[in-house]
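What follows is a single structure, written as structure tokens, with notes after it.
The values are calculated or read from the model by the stated rules, or taken from the named source; none is laboratory data. Every value quoted in this text rests on a predicted model; they were computed, and no experiment measured them. All Cβ positions, even for glycine, are placed from backbone atoms using ideal geometry, and neighbour counts span all protein chains on display. In case anyone asks, the SASA skips ligands and DNA or RNA and just uses the protein heavy atoms, side chains included. Shrake-Rupley method; radii C 1.70, N 1.55, O 1.52, S 1.80 Å.
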Amino acid sequence: SSRLYPPWTSPKTISKKLWMTSRVKRQHPDRVMISGLAALTNLLFFLLQIFLLGKWEQISYDPFVISFLAAISIFCLAESWLGVTRCEVIEVSKKNRVDLILTQITGVVLLVVFSASLCEHLIYPVDLESSAHIVTGTATVLLGVHLRVSAFRKLENAFFSMPKVTVGQQLVVGGIYSFVRHPSEIGLVCISLGIVWLLSSLLGFLVLVLMLLPISYFRVAREESCLSQVFDKDYRHYKNNTP
């Protein structure tokens, strides 16, 4: 340690960096297992919800429930598969406390949208043309997943859960970012909207409109403020030419 770090480096900092290094080394062999476990955990949560509501038999014949579970599994697999390759260390401070809270709230609200939509469908089923709703709802979810994956892959190590610019980072304007400025955030909205549409949930739609959209808008505004301060004219030009 004395050869790798300055003498004033605290033991806590050294241990954290060593842990990050070991995590990076082992992340690729564990990628399949971790992503699979993440998807399975989410799937078990919703299966437990179905069981507690006494609707277990619907899994065998309800195409909406089956499509919901499949769509959620695809979303969770994609998120965890890409997330395993990243090692983001978040240091809480007064400057990023609001962004950290918004990030955590976003995850909770997403879960509420999914859970509320499923509950409403199980308790108050609606007679619909199943094929149309399943196709459009699932397609919207997949569109959202595609936007999220494209954002992850284009930004790579510059993808952060909160507004942040690292030293030497360049403004990314290519790939999916040449079509839309915030594909990741729009992806989350599309995924939620697809689930709401798939299950025809009024409650889920209200949570989406009243909670997720305002939070997403606020997150986007804070991110654009950060990027405008760092990249100045370049970002203003990008903002004026990209929807």
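Figure legend. Inter-residue proximity from the stretch 222-243: first residues without any contact (Cβ under 8 Å) to a residue 40 or more places away in the chain, second residues in a helix (DSSP H, G or I) and open to solvent by less than 40 Å² (accessible area, probe 1.4 Å), beta-carbon distance below 6 Å, spacing 6+ or different chains. Indicated pairs: S228/Y235. Considering the stretch 93-123, and only residues there that are out of contact with any helix residue (DSSP H, G or I) (no Cβ under 9 Å at 6 or more places or on another chain) and at pLDDT 80 or above, the residue that is most open to solvent (accessible area, probe 1.4 Å) turns out to be Q104. Among the residues making up the stretch 45-87, those that are of a type outside the set (S, T, Y), within 23 Å of the chain's Cα centre (by Cα) and modelled with pLDDT under 90 are C76, L77, A78, E79, W81, L82, G83, V84, R86, C87. Answer yes if at least one residue in the stretch 22-35 is in contact with a helix residue (DSSP H, G or I) (Cβ under 7 Å, 6 or more places away or on another chain), at pLDDT below 85 and among the small types (G, A, S), and no otherwise. The answer is yes, given that some residue of the stretch 22-35 is in contact with a helix residue (DSSP H, G or I) (Cβ under 7 Å, 6 or more places away or on another chain), at pLDDT below 85 and among the small types (G, A, S).
For the stretch 210-223, a tally of residues being out of contact with any helix residue (DSSP H, G or I) (no Cβ under 7 Å at 6 or more places or on another chain) and among the charged types (D, E, K, R) returns 1. Can we say E156 is exposed (fewer than 15 other Cβ atoms within 10 Å of the Cβ), on the phi > 0 side of the Ramachandran plot and modelled with pLDDT under 95? When the stated conditions are applied, E156 passes them.
With respect to the conditions (1) under 30 Å from L118 (Cβ atoms); (2) open to solvent by 70 Å² or more (accessible area, probe 1.4 Å), S216 lacks only one, and its number is (2).
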